[in-house]
Every structure is written in structure tokens, then in C-alpha cells.
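The values are calculated or read from the model by the stated rules, or taken from the named source; none is laboratory data. Everything quoted here is computed from the prediction, not taken from an experiment. As a convention, Cβ positions derive from the backbone with ideal geometry for all residues, glycine included, and neighbour counts pool all protein chains shown.
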């Protein structure tokens, strides 16, 4: 694992290496180099199993984090590649040519986060939602509760308590925090 | 899909996709004709209220209807995991005249087994409308009553009775097969008492139901067929 | 004049008995299948309730004129077969309208219902029905081939095309049955019977997991009621046909019920432990073993 | 496709010219020509596993183009989890994949434990292993004979379902729930084994043993079953990495992939079991591999019950779950579900709520890109068998 990290350190601009477990490292890569880093890992280092691609919305910093997790089934090691893209112009290079199922992940991200992957097959087709006309729902600024209340006729009489607040009020009325 | 709701001025057309609007096409033999997809592809006939004619005969017929419940095999949510046990040796619903049918045309009961995503709701409504009256709806799980666990989800409905008339609710997450059997028994009681007139209710309040459905289903496209 | 009206009345009585026996038989078969699986199964009166319910549905929609006529043709095929088949040998009234060439007529009527269904299902417009009906016609054609060979074989054997005469020739002891005098023809016919009753492995016409549920996909309410009525009649009638041709006929109603039950049970018995063929496998199967047996059965008697 | 036109009974039409292919190898399908039929299977179709639909373009009985459509079960879990505190999220997260809820519980709990650096006590690890294996057993009792049910041999399925109910009884005894158990919680498990559990479990396992012998006769030596499944729905070994195939489907193609062996979690490194592989990679082989899994699982449950300590600590000490804040970090945890690698990716941002949760179910690739590829040139009669042999489960695709 260490030798692989050291090797790719010399070839690509990577930073923030976090050792999650013995056989699992996270690292951050620049947006431009990510696809070539994945290609390198797949072809040279034997990371032949693509586990997942997903996005995290860091709305405070105005960035999307894309996480690619790759797995080497022979050496039994995993690597997680983080890359940050601008939230405004959310586009990323497509990696659909490396594995067939990457296109599905990218289709989902386009729909749920609004991250565009130009060139990815069927990326503009709707995957999960149908006739959705609001902002992409997985973005942090989309309020699902408000949307649900406005759209789906909530049944009167249903109350929801935040357990923390509720227990505090009920059990420890005197306690400060 | 963003192009669906461009035409917001005309309220009627708000939810119409491009391919659902009236248009003229030229046939293979060169003759021009107008098609209205909503009329040609969809059933534009409103359901009618059909009241029972003879009270005594109706009572007997209702007994037959109650003892022969044909269930549409449409697993809409997680509740459908308890349908196979219901039909197998342990619970064996066939004893009570409950049988599964594969096509909505022949079924008289639709089980809404749990949460309904908007995309499924559209199919469920279509299936429900294809069923022949009298038809009954059995709603399973808390999600159909008030949203249950998914009360704050942007994609699942909260109350089923706004979109179709529900005869029996079976509460729980998830309801056990015994609860389902009890639900079937309750449904039978209702049918025998002549109170399960969901199809007539749907016909009476058709406009209200349709308005509710259209409020959340924004894409009324149906799949393209060439038959 | 009196005689013909009386005969007609008895024929209708026979039809009524056959219909009810068919419904009861289908319920018993379903119960047997359920018991093998470890279930109780439906109550024995379920088919009647289903029929009542179907005939009293409040609404029915139609897809066109052939959609109406499909079930009617199908029922016509079933009742037509019934009219020309002698039920009870030696009974004056329950021989129906059997005449000297009825065997050929019945073979024709077997196909008649299928064609009616094809027209109706085509008008219904659902692709599953169209796929189902094309499978059904393809399979039925090949089912008919060994069946026809077997019929020709026993026609040559008994030198007649009248079912009554064939039954008459088998009277006087169990060893006179075609089963023992012409075992090859019986084997060919019993194999083709599996296809005619369309239980597994030949249940690919309705194949619920593949093309739910084939030709009757769009049929509902009283249309389906007519189809189910016809099915009940047809199952008994086909069993009675085989009983008459190969198992010595019946001299009383009890014998008819017992023999038709056992003949129908044969197809259920095979069906419960076999999965389904694909259409090309089914066609190939019928063109192999049953066909060869059927040809052998003819060669022996020529 | 094999062409054996010499033998009239194995004759197959020469379909190499239909449909015509364009430059990219995609079929040119002109529906207006009436040469092709487009049919939709699902969501209301008994031959589709769960609530999803297939858009099939047929040329005769053969499929020339297939698309899967999902989203009928989308509940927006990954969004909802952002609004649930860590402990509350457990109840929501287990509903992501219905047939095997315990895998959800495990991956969620282990993600939380990994982020919060919690050490789970020994006894809890054993009980977790037991729950996971029982969950696998009940799924396999459904799917192994279920393969024959797709071909209308429902008898094995009916018997299997009965025994599955017995296993669910044991689950009820252990956890109180039939389908959703919420037994594995962040930090440990909820309870000990009830009295007499081992004895009753052993009785049930004996029934499973008998059942396996029965279906051996009923299904695996059935000539028509072989005819319908051998050589049908073949996964090429080169597709395994290309399409991200995991679990029994990869094992049937000759790849020894099992998370329990490769990345031992819980107590699997103390248990003695083998990972079976095969090379034929058709429906029959995949089903055989699953049957082998079933036997392994029965053996594993026996081993667990024998090796397990009687008493011990059930839960690690966790902070007050209502104020549980987990420091910033991210992790990915996997487990072997009955369908293959089942993983969860969790990001925390230091608050009470998880920042993001993403579930990687095996069906995500099996039912979308792989199924679309496998259905091309398949016969319409085999669609359901192929889907069941991949063991696709729609709720984990769209979540």
C-alpha cells in the first residue's frame, strides 16, 4: 500500500492522505488529474474493481467533493480518491470508458446533484426521478421536509419531535445543555 | 425533463409534455390527420357511478365478491416482501379465496404495499383505473397512512386517500402476514355489508382525485408503444 | 319430434353436469397441487364463486367486435365438441349427437376454439396476448400431429370414424381397451394430451412469469367468465374423448367421472414436478418422441 | 450463439442480419417498420424481481435492445439520513434493502463505529455474525428454489418459503422483528440469545438439510430445468471487472470473491469455511453456487452457536446517543450480503447529523448495466430467470 502511494505521489499532485485502515487510504487529487490517476491505478496498479462514485455537498465552501473508491481484488487493498469541483459550474470529466457501470453513477449524480459529465452515455436521461422540476434533491440547499409538506398533503395530527429537544424538555427541564 | 413545464400560462397545458400536445402528422400514405395523444392514447372517459340495482340480489353478489378476492400482483413497496409468505404453506391465503392475478383487468383488489414513490403512483393509478369495478384498495403499512418513516421525503406520498379511495388500512411497519389476513377479513366484512364502494367514490369525486394526482405527477407521459 | 326435444333436454342436462364436474375437478386439482406444496389450497366451491363474481362485475370494456367474439368462438368450440361426443355408452340420451364421422369433427372443433381466441386476443391489442397466442398456435399444431396419428391408427384398427363404434369395440373386459390392444397409439395420444391440457412443462401459453398471462390478458368480467366456463367444459370433454378412444368409454356417470378425473390427473401429476419448456423446445419435443410413437402406431396396423 | 443447422431439432434461425447494427454496434431499431415490437415488463409484472421495469425491443422472440428503468422505489434515503441523528438513522437506514435488512444494520453500525472509534465487545461480534448468517440463510431459502419457480416449478419455492418462515421465527425470538430487526446497533447488539434458542435453531437447521436434499432431487436433477438453465444467461469472465460484478455472480464466473474471506470482518476469520467457485457462469451454475452458499451458511451457523460464549458485554460505551457528535471524517465499510459486496460510504462533518451516506448495493451494477448487456440476444422467455439468477433487488439501486 505504502509503495503504491509513494509511487503515485511522484506522478500526480495528491495531498491529504488519510490512512483509514491498514488496507484503505483516502487521498485528494486535483480535478484535472483525477481521471488519469484512476486510469493509472486501474491499468498499472491493478485496481480493477470500481466500487463507487459519489458526491458530497460542502455548501459552506461552495464545493462538491467527488469520491471514487477503487479496489484491488488481488492485493485486497482499497483506495478512495477525493476530488473537489466548484459548486457553481459543476462539471467533471467522465470516466465511463474505464468501467461500464461508471456511466450509471454519473447518470445518478447528474440527476441528484446536478453535476454534469459531458460525454457520458445517457447522462441526460432521467434515472430515478420523473418529471422533477425543482433543484436537484441531494443538494444541501434543497429542503426535503418543506417540499414534502407543500406537496404531499401531510396528515394533520402528526407531530415530529427532535428527540434531543423533547427529552430535554420532558426529562431534564432544568439542565442547560 | 425541465422542458415539461415551460408553458405555465395555460393552466391546462402546464403538465403536458411536448409529445402529449395536439399535433398534425402525415401518415405513410400522405394523408394529413390530427392526433391528440391524450385522447388517442389515454382513456378519456370519466368513470361512471354504478349503483346496485336490486338490494337482495346485490347482497348475494357481494357475498360472492367478498369470497373471491383477486389481488393484483403489484408490489409497490417493501410490504411486498410479506406477500410470498402469505401465499405459501405457513399462512396460505388461498384458503380465504385470496388469489393473485397478473393483470389489472382481472383483479378486484390492489394492495398498496407500503410507501409510494411518485413514479410508482402514476403506474398504480393507471393500474387502478384499468381494474373493473367494483374494486377495492388495501393499503399496507404506516407509509400509506401518514407517510410513516418517510413523512419528510420529497418523493413519497404521505396520504394515499388523496389519490384513490382506500377501503382498509393495515397499519404497521411492516405488517405481519397475519395482519394482512386480518385486513382481508375486514375487507370482506365491508364488502358483505355493502360499504366497499370505492369505485363509485372514485367516480363521484373524480375531478378532486385527478387534481390531487396531477398536483404531484408532473410528467403524464406514458411509455411509447407501437401496437 | 318428441324424441329430439327430449334428447336436446338431456344434452343440456349433460352439459350442466359436465360444467359442474369440470369446475369441481379444477378445484380438486388445485387442492392436490396445494397439498403437495404443503398448503390447504382453495375451498372446493371456489370456482363457482369466482364465476358468479366474474359474471356480476359492474363494468366491462371492450376493444372491438372481435374482442366480443373471441370468448364466444371459444365457447362455441367447447360446446361444439361436447355436442358430438358420446358421454355414456349404451345410454339412449347421453350419447348427444354422435354420428358416424364425429371423430374428425371433434378434431376440427379442438382447433376452432383456439382460432377464436387468437382473433379475440389479437383485437385486445396487448403484446403479451399476441406472443401468447402465437406460442399457443405453434404448440397446438404440433400437439395435434401425434394426436392425429394416434386417431388415424385406431381408426385403421377399428375400421371406423365413429366414437360410439370405437367404444363399442372396447366393451367386454379391460383387456379390450385400446390401451391394451393398441398401446403405441395410446402412448402417443397421452403424451399429446399433456400439451392439450397445457400444464407444465407445456404451460407456456399463459406463462405467468414471462408473458402474464398470455391470450386472456385483456379479458375480464363476463368475458373471462365465459372463458372459464368453457375451460371447465373443455377439460372434461377432452378427458372424455380420451376415455372413449383409449380407456373403454363409460357406461355410467360414475365411471365417466372416475376416468375423466384420472386422465386429467395424469397431466397435473406430470405438471407439478416439471418446469416449463421454451416454445421451440416444446415444439421440438412433440416432433420427436410422440411423433415417432404415432408413426409406429400406424405402421403396425397397416 | 451456436448454429447447428444440421440437426433439425436444434435448428436456429440465422439472425445475424437482424437487427442491422450501426457503426457503434448499436442496433438500428425502426419501430415504424413493424419488424420490431417494444414491450415493457414491469413494474406491474410477476416476472420482474421487485418494482422495476424493463423496456425490451423484440425481434421475434429475441431481444435486440434492453433498458432498465428504476426509480419506482426511490425514497430519498441519502437525503433523509442527513436529517436524522446517528442513532435515529439506524431505523431508517435498514429499510434501504428489504430482503436482507441485517446487512444494512451492520454496514451502518460499523461505519458509525469506525468514524467514532468504538471498539465492539466480543459477545456482540458473535451475535452480529449470527444475525448476518441467519439473514443470509433466509434470503437463500427464498432465492435458491426461487430459480425453479421462475420456470413455473413452484414446489421447491413453496417448501423453501415454509422453512424460511421458521428461520424468521427464530429472528422474532432473537430480535422481536420478522423482517426489520434493528438488532445490530451502533456500539453493539440489542440482546442475548433467548433460552433454548440453540436447540430450536438446530431443529430448524436439520429441516434445512433435508430441504437441500429434496431440492437436489426435485430441481438439480430435473432434465427440463437443466435444459432451460444450462448455457443460458452466460456472464463472460471478462465482464466481471468491466461491469463490477461481485458475490455469487462473480464466483460462478471463476473469481474467488467473498468479502468474508478477503476482508474478514466480525468473527469470520475464526470460522472455518470455504469459498466455492465455478467456471460455467450460466444460470444453473450461479444457482449451484447459491445452493453451496446455503450449505456453507448452515454450517457457519452451527459453528457460531458452538463457539459462541454464553455471556458477555453486549454494548460498548457510547456517548449519549441524543447528543452524539462524531468528528469529521469519512469511511467505507463493506460486508458480504447474499448478493455480494454490500458497502456503505459515510461522511461526517462534526455535527450530530451525518453529512452524507451512500450505499453501494450489488444490484446497482447487476440490474442496470449488466442486465442491459445480458438481455441482448436473450429469449424473452428467459428474462425472468436471468433476473432472478442475478438476484437483483431494486430498492438498493435507487434507495
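A few comments on the model shown:
- Residues (part of a helix (DSSP H, G or I) and either facing another protein chain (nearest Cβ under 9 Å) or out of contact with any helix residue (DSSP H, G or I) (no Cβ under 9 Å at 6 or more places or on another chain) (or both)) located in the range D:344-365: D:364, D:365
- Taking the range D:266-288 as the range and being surrounded by fewer than 21 Cβ atoms within 10 Å (Cβ to Cβ) and over 27 Å from residue D:111 (Cβ atoms) as the test, the residues that pass are D:272, D:274, D:276, D:277, D:278, D:279, D:280, D:282, D:288.
- Within the range B:62-89, the set of residues being under 30 Å from residue B:123 (Cβ atoms) and more than 23 Å from the chain's Cα centre (by Cα) comprises B:85, B:88.
- Counting only residues that are surrounded by fewer than 18 Cβ atoms within 10 Å (Cβ to Cβ) and not in a helix (DSSP H, G or I), the range A:29-48 holds 4 of them.
Per-residue answers, yes or no, for (1) buried (at least 21 other Cβ atoms within 10 Å of the Cβ); (2) within 14 Å of chain B (Cβ to nearest Cβ):
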| site | (1), (2) |
| --- | --- |
| C:220 | yes, yes |
| C:223 | yes, yes |
| C:237 | yes, no |
| C:241 | yes, no |
| C:257 | no, no |
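- Condition check for residue C:34: surrounded by 16 or more Cβ atoms within 10 Å (Cβ to Cβ), outside any loop (DSSP other than H, G, I, E, B) and within 14 Å of chain D (Cβ to nearest Cβ): yes
- Pairs with Cβ under 7 Å, 6+ apart, first in the range A:42-54 and within 14 Å of residue A:5 (Cα to Cα) and more than 9 Å from every other protein chain (Cβ to nearest Cβ), second part of a helix (DSSP H, G or I) and at pLDDT below 90: A:45/A:4; A:47/A:41
- Residue in the range C:155-162 that is in a helix (DSSP H, G or I), within 14 Å of chain B (Cβ to nearest Cβ) and touching a residue at least 12 places away in the same chain (Cβ under 8 Å) present: no
- Against the conditions (1) modelled with pLDDT of 75 or more; (2) outside any strand (DSSP E or B), residue D:38 satisfies every one except (2).
- Residue B:189 part of a helix (DSSP H, G or I) and over 21 Å from the mean Cα position of the chain (by Cα): yes
- A single entry from D:398, D:341 fulfils the requirement of being under 16 Å from residue D:49 (Cβ atoms), touching a residue at least 40 places away in the same chain (Cβ under 8 Å) and at the interface with another protein chain (Cβ under 10 Å from one of its Cβ atoms): D:398.
- Looking only at the range A:52-80, and only at residues there that are in contact with a helix residue (DSSP H, G or I) (Cβ under 8 Å, 6 or more places away or on another chain) and more than 24 Å from residue A:127 (Cα to Cα), the one that is surrounded by the most Cβ atoms within 10 Å (Cβ to Cβ): A:79
Matching residues to (1) assigned to a loop (DSSP other than H, G, I, E, B); (2) surrounded by fewer than 18 Cβ atoms within 10 Å (Cβ to Cβ):
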{"position": "A:82", "(1), (2)": "no, no"}
{"position": "A:94", "(1), (2)": "yes, no"}
{"position": "A:103", "(1), (2)": "no, no"}
{"position": "A:109", "(1), (2)": "no, no"}
{"position": "A:127", "(1), (2)": "yes, no"}
{"position": "A:137", "(1), (2)": "yes, no"}
{"position": "A:153", "(1), (2)": "yes, no"}
{"position": "A:166", "(1), (2)": "no, yes"}
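- Selected residue (criterion: nearest to the chain's Cα centre (by Cα)) from residues of the range A:139-151 that are assigned to a loop (DSSP other than H, G, I, E, B) and surrounded by 11 or more Cβ atoms within 10 Å (Cβ to Cβ): A:139
- Test: residue in the range B:160-167 that is away from chain A (no Cβ under 14 Å), in a helix (DSSP H, G or I) and modelled with pLDDT of 85 or more: no
- Checking the range B:52-71 against the condition returns a match, with at least one residue being surrounded by 15 or more Cβ atoms within 10 Å (Cβ to Cβ) and at pLDDT below 80.
- The criterion of being at pLDDT 70 or above and surrounded by 14 or more Cβ atoms within 10 Å (Cβ to Cβ) does not hold for residue D:28.
Table: residues versus (1) surrounded by fewer than 22 Cβ atoms within 10 Å (Cβ to Cβ); (2) over 15 Å from the mean Cα position of the chain (by Cα).
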residue: C:133; (1), (2): no, yes
residue: C:155; (1), (2): yes, yes
residue: C:169; (1), (2): yes, yes
residue: C:175; (1), (2): yes, yes
residue: C:181; (1), (2): yes, yes
residue: C:193; (1), (2): no, no
residue: C:202; (1), (2): no, no
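- Residue identified as within 26 Å of residue D:79 (Cβ to Cβ) and either in contact with a helix residue (DSSP H, G or I) (Cβ under 8 Å, 6 or more places away or on another chain) or not assigned by TED's automatic domain parsing to the domain that holds residue B:202 (or both) among B:153, B:108, B:133: B:153
- Residue D:183 being crowded, with 24+ Cβ neighbours inside 10 Å and touching a residue at least 12 places away in the same chain (Cβ under 8 Å): yes
- Failed item in (1) crowded, with 23+ Cβ neighbours inside 10 Å; (2) within 19 Å of the chain's Cα centre (by Cα), with residue D:348 passing the rest: (2)
- For residue B:108, the conditions (1) under 13 Å from residue B:199 (Cα atoms); (2) more than 14 Å from chain C (Cβ to nearest Cβ) are fulfilled apart from (2).
- Enumeration of residues in the range B:88-112 that are more than 21 Å from residue D:42 (Cα to Cα) and not in a loop (DSSP other than H, G, I, E, B): B:93, B:94, B:95, B:96, B:98
- Listing of helices (runs of 4 or more DSSP H) fully contained in the range D:210-256 that carry 3 or more residues being over 22 Å from the mean Cα position of the chain (by Cα), loosely packed, with under 14 Cβ neighbours inside 10 Å and touching a residue at least 24 places away in the same chain (Cβ under 8 Å): none
- Where helices (runs of 4 or more DSSP H) fall wholly inside the range D:94-201, the ranges with 3 or more residues that are more than 24 Å from residue D:259 (Cβ to Cβ) are D:122-149, D:154-175.
- Residue list for the range D:350-371, filter: in contact with a strand residue (DSSP E or B) (Cβ under 7 Å, 6 or more places away or on another chain), over 20 Å from residue D:63 (Cβ atoms) and in contact (Cβ under 8 Å) with a residue 60 or more places away in the chain: D:354, D:355, D:356, D:357, D:358, D:359, D:361, D:362
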